[in-house]
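Engineer: Let me begin by handing over the structure; questions about it come next.
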Amino acid sequence: MNTEHIELYKKIGVGLVAWMVIICSAHAPVRAEDHPFKPGERLTYVLKWGVIPAGEGMLEVYPMAEVDGEPAYHFVMRAKSNAFVDVFYKVRDRMDAYADAAMVHSLFFKKKQREGGYKRDVEVNFDWDRNQAQYERKGKEKEIIDLMPGSFDPLSAFYFTRLMEMVPGSDISRPITDGRKNVVGVAHVVRRETIKVADRYYDTFLIVPDLKHIGGVFKESKDATIQVWVTADHRRIPVKLKSKVVVGSFVGELVNAKGINIEHRTSNIE
């Protein structure tokens, strides 16, 4: 295994979320009782470099929480490399995101990264009375930034996307912030198609995000691409993600879903 491959594994911990969260929309929010996700939902993905299993990603909806007296969704993303990759670059990452119960904007975000010998703990506090966000790392507050209306942290943005109706040929967008900068995530809904994942067939929408705001291995790859397939039902569950970067192709596939029913078939025959 060469150094380029090891560097790719370094991106595993954040790659899954990076792909999903840039698919965001600016439509009106859906009523809370109609939200497609509920506390107790857990989605598990196997991450592969080519055909080689490299790690696991998990997305969960925790019980409803409270942030400064306001009811909030609590979303969690965890990522870890497998035993093989651990030998070269051990990854144990976690993100916790809190969004208001109506899914209008983020309230609080924190990230814990453990990647090889690198450690980083980050918190972002959202102050919507002042339309500002405060980024904090290792207990030290950084410069306050102004927020665009309706901004989400990267993880909450993924769940917001699931509220939206998708139409092939359309572009969708939404403000996103990591507490240090603001961007407008843009993605293209390419087409509707049936795909096979883990011996099951899913009716999906293919979505291709704009990568101009994404750094790391994507920025370093001249012809980098990301494709995301989400179920075409009202739940909008990502069942497959595929990227092409300078060091090869990377795939994430849904292997387990708890707390939710996903429509699928065992054959491609209607």
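Engineer: Just to be sure before I move on: is Ile144 touching a strand residue (DSSP E or B) at 6+ places or on another chain (Cβ under 6 Å) and loosely packed, with under 15 Cβ neighbours inside 10 Å in the structure I sent?
Structural biologist: Values: touching a strand residue (DSSP E or B) at 6+ places or on another chain (Cβ under 6 Å): yes; loosely packed, with under 15 Cβ neighbours inside 10 Å: yes.
Spelling it out, Ile144 is indeed touching a strand residue (DSSP E or B) at 6+ places or on another chain (Cβ under 6 Å) and loosely packed, with under 15 Cβ neighbours inside 10 Å.
Engineer: If only one of Gly248, Gly259 is at pLDDT 85 or above and more than 18 Å from the chain's Cα centre (by Cα), which one is it?
Structural biologist: Gly259
Engineer: Filter the stretch 164-179 down to the residues that are of a type in the set (Gly, Ala, Ser) and under 26 Å from Met95 (Cα atoms), then identify the one that is surrounded by the most Cβ atoms within 10 Å (Cβ to Cβ). Let's see the steps before the verdict.
Structural biologist: First, the residues of the stretch 164-179 that are of a type in the set (Gly, Ala, Ser): 169-170, 173, 179.
Pick out the ones that are also under 26 Å from Met95 (Cα atoms) and you get 173, 179.
Working: Ser173: 16, Gly179: 24.
Only one residue tops the list, namely Gly179.
Engineer: Could you please give the count of residues in the stretch 138-172 that are at pLDDT below 90 and over 20 Å from the mean Cα position of the chain (by Cα)?
Structural biologist: 6
Engineer: Just to be sure before I move on: is Lys111 surrounded by fewer than 14 Cβ atoms within 10 Å (Cβ to Cβ) and free of Cβ contacts under 8 Å to residues at least 40 places away in the same chain in the structure I sent?
Structural biologist: Working: surrounded by fewer than 14 Cβ atoms within 10 Å (Cβ to Cβ): no; free of Cβ contacts under 8 Å to residues at least 40 places away in the same chain: yes.
Against the criterion (surrounded by fewer than 14 Cβ atoms within 10 Å (Cβ to Cβ) and free of Cβ contacts under 8 Å to residues at least 40 places away in the same chain), Lys111 does not qualify.
Engineer: Continuing with this model, one more query. The conditions are (1) over 22 Å from Met95 (Cα atoms); (2) among the small types (Gly, Ala, Ser); (3) at pLDDT below 85, and Gly185 fails exactly one of them. Which is it?
Structural biologist: Exception for Gly185: condition (1).
Engineer: Just to be sure I understand, how many residues within the stretch 115-128 are surrounded by fewer than 20 Cβ atoms within 10 Å (Cβ to Cβ) and either under 19 Å from Lys181 (Cα atoms) or touching a residue at least 40 places away in the same chain (Cβ under 8 Å) (or both)?
Structural biologist: Taking the stretch 115-128 as the starting set, the residues that turn out to be surrounded by fewer than 20 Cβ atoms within 10 Å (Cβ to Cβ) are 116-123, 125, 127-128.
Those still in the list that are either under 19 Å from Lys181 (Cα atoms) or touching a residue at least 40 places away in the same chain (Cβ under 8 Å) (or both) too: 116, 120-123, 125, 127-128.
Going through the stretch 115-128 one residue at a time, the tally reaches 8.
Engineer: If a residue must be surrounded by fewer than 19 Cβ atoms within 10 Å (Cβ to Cβ) and in a strand (DSSP E or B), how many such residues does the stretch 79-96 contain? Spell out how you get there, then give the answer.
Structural biologist: Here is the first cut: in the stretch 79-96, the residues surrounded by fewer than 19 Cβ atoms within 10 Å (Cβ to Cβ) are 82-84, 86-88, 90, 92, 94.
Going one step further and asking which of them are in a strand (DSSP E or B), we end up with 92, 94.
Here the count works out to 2.
Engineer: Please indicate, with yes or no, whether at least one residue in the stretch 14-35 is of a type in the set (Phe, Trp, Tyr), modelled with pLDDT of 75 or more and under 17 Å from the mean Cα position of the chain (by Cα).
Structural biologist: The answer is no; no qualifying residue exists.
The values are calculated or read from the model by the stated rules, or taken from the named source; none is laboratory data. Please read all numbers here as calculations on a predicted model, not as lab measurements. Note that each Cβ is placed from the backbone with ideal geometry, even for glycine, and that neighbours are counted across all protein chains shown.
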